[in-house]
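Report on the structure given below.
The values are calculated or read from the model by the stated rules, or taken from the named source; none is laboratory data. As the structure is a prediction and not an experimental result, all values here were calculated from the model. Every residue, glycine among them, receives a Cβ derived from its backbone with ideal geometry; neighbour counts consider all protein chains shown. Keep in mind that these areas ignore ligands, DNA and RNA; they rest on the heavy atoms of the full protein, side chains included. Shrake-Rupley method; radii C 1.70, N 1.55, O 1.52, S 1.80 Å.
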Amino acid sequence: MTTAPVFVFDPYDYATQEDPYPAYTWLRANAPLYENADQGFWALSRHADIVAAFRSEGVFSNKMGVTLDESAWGPNASAAMSFLAMDPPDQTRLRKLVSQGFTPRRVRELEPRIREITLSYLEPMMEAGSADFIADFAGRLPMDVISEMLGVAPSDRAELRRLADLLVHRDDGMRDVPPEGVEAYFAVVEYYMELLRDRRKSPREDLASALLVAEIDGDRMSESEIIAFLLLMIVAGNETTTKLLGNALFWAHRFPAQLDSALSDPARVPNWVEETLRYDGSTQLLARYLLEDVELHGRVAPAGSQLVLLVGSANRDELVFPNADQFDLDRDTTQMASFGGGRHYCLGANLARLEANVALDELVKRVGGLEVHDERAVRVHSVNVRGFASLPVTVRAR
Ligand code: HEM
């Protein structure tokens, strides 16, 4: 008698990282509450279960962080991830205070500067006719926008970008923070401390100044709370947006009719951004710590377990997105789970969307033809972000 091989979902496996979607399909159909006993985690893969987990209170905790990586999982996760790694009431308090400075208006008002920064990288790329879309463009814009918002002097931005890259960089397969990452962490903290010292003395119109005076009923953030939030902006808002831009080009190239459609009309750009977020979002999974047993689909994940919400799988659930494996700019994407949901819903979603829309809008206005050399594309091997480290492109001006 032969027994069927046991299916193993291993998010660290390179083949799975290359294309996790068949594994997600299997999980949704056969093991909607899945246990990987070797690696010690559980996983939810159906859209309905993931959305319900985002919205529920008191069971799916963020207090140990949100990543599978051992180095970032534990009771101290909030030191670098601020309120992303907290539960109410601490998360509620800090998110409210931060939201006084990080307002939709502040984000909207950044648009002209985002356009200028975009053009400063796009124009040389157009002149050269070819580029590494990540190194020369998508990898630069998001950190510069964060710096712009904070009030970092233009002359310091390149160095901060370098440090931010080191902070989040992991060599392939590495689950721990490398020594350069630790050094970069201290250098960034020192830089931000100096920035806050300066703004305390001479406030400006920037986010750093706004966070220093944010107040609710006499309660303010301490310096270390502000610094932790600034680090969270780097961790949550930098690489994710870079990867979104790269994924947008990559998938449009793989679905040429969609690329033609996007390049033919700047009004298609918002759909291009939204469908990329759904089809192949940069955040594929978010971990939770279970405060109570979770019983679903005939199985029980016990309290104390680490459970991952497979956001990338929710976005391909056929029950919500018919023909989910088609990249289709005309589809309804409103149910996407890419920015999470409930109390931890991405605070920077409107900023990420604005950046991506501006970047692709300026690209579409200039580019008549676009070739992505996917045979030379280099994928990042990380369970935290999905996308490319390098994406060689050739562009032809209109
Ligand atoms: C494509 C780009 C982005 C994606 C896919 C993304 C995705 C997410 C997701 C899924 C969460 C929820 C995490 C959870 O529930 O555990 C989140 C939270 C967060 N994001 Fe984003 N994000 C992006 C860009 C940004 C940007 C540009 C910023 C700001 C500069 C930002 C700041 C945050 C913050 C502060 C949180 C924590 C919210 C909380 O815990 O209350 N994100 N993001």
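Data overview
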item	result
Among (1) more than 14 Å from the ligand (Cβ to nearest atom); (2) within 26 Å of Phe102 (Cβ to Cβ); (3) β-branched (Val, Ile, Thr), the one test that Val364 misses	(2)
Residue list for segment 138-157, filter: under 21 Å from the mean Cα position of the chain (by Cα) and not in a loop (DSSP other than H, G, I, E, B)	Ala138, Leu141, Pro142, Met143, Asp144, Val145, Ile146, Ser147, Glu148, Met149, Leu150, Arg157
Any hit, segment 116-137, residues being out of contact with any Pro (no Cβ under 8 Å at 6 or more places or on another chain), among the polar types (S, T, N, Q), away from the ligand (no atom under 11 Å from the Cβ) and not in a helix (DSSP H, G or I)	no
Count - residues of segment 299-311 that are touching a residue at least 40 places away in the same chain (Cβ under 8 Å) and farther than 17 Å from His344 by Cα	4
Among residues of segment 362-374, those that are assigned to a helix (DSSP H, G or I) and under 17 Å from Asn247 (Cβ atoms), counted	3
Residue in segment 379-398 that is more than 11 Å from the ligand (Cβ to nearest atom) and free of Cβ contacts under 8 Å to residues at least 60 places away in the same chain present	yes
Selection status of Ala72, modelled with pLDDT under 95 and either small (Gly, Ala, Ser) or over 22 Å from the mean Cα position of the chain (by Cα) (or both)	yes
Evaluation of Asn384 against (1) at pLDDT 95 or above; (2) open to solvent by 40 Å² or more (accessible area, probe 1.4 Å); (3) under 28 Å from Leu231 (Cα atoms) (one fails), failing number	(1)
Single residue of segment 297-314 satisfying the filter (in a strand (DSSP E or B) and open to solvent by less than 50 Å² (accessible area, probe 1.4 Å)) that is farthest from the ligand (Cβ to nearest atom)	Ala301
Per-region count, segment 332-344, residues touching a residue at least 24 places away in the same chain (Cβ under 8 Å), open to solvent by 40 Å² or more (accessible area, probe 1.4 Å) and assigned to a loop (DSSP other than H, G, I, E, B)	1
Contacts under 6 angstrom Cβ, first residue in segment 114-140 being more than 17 Å from Leu370 (Cβ to Cβ), partner open to solvent by 20 Å² or more (accessible area, probe 1.4 Å) and not in a loop (DSSP other than H, G, I, E, B), 6 or more apart	Arg140/Tyr121
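Let's see how each residue does on (1) surrounded by fewer than 18 Cβ atoms within 10 Å (Cβ to Cβ); (2) among the small types (Gly, Ala, Ser); (3) farther than 22 Å from Leu230 by Cβ:
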residue	(1), (2), (3)
Gly40	yes, yes, yes
Leu44	no, no, yes
Ala79	yes, yes, no
Ser82	no, yes, no
Gly129	yes, yes, yes
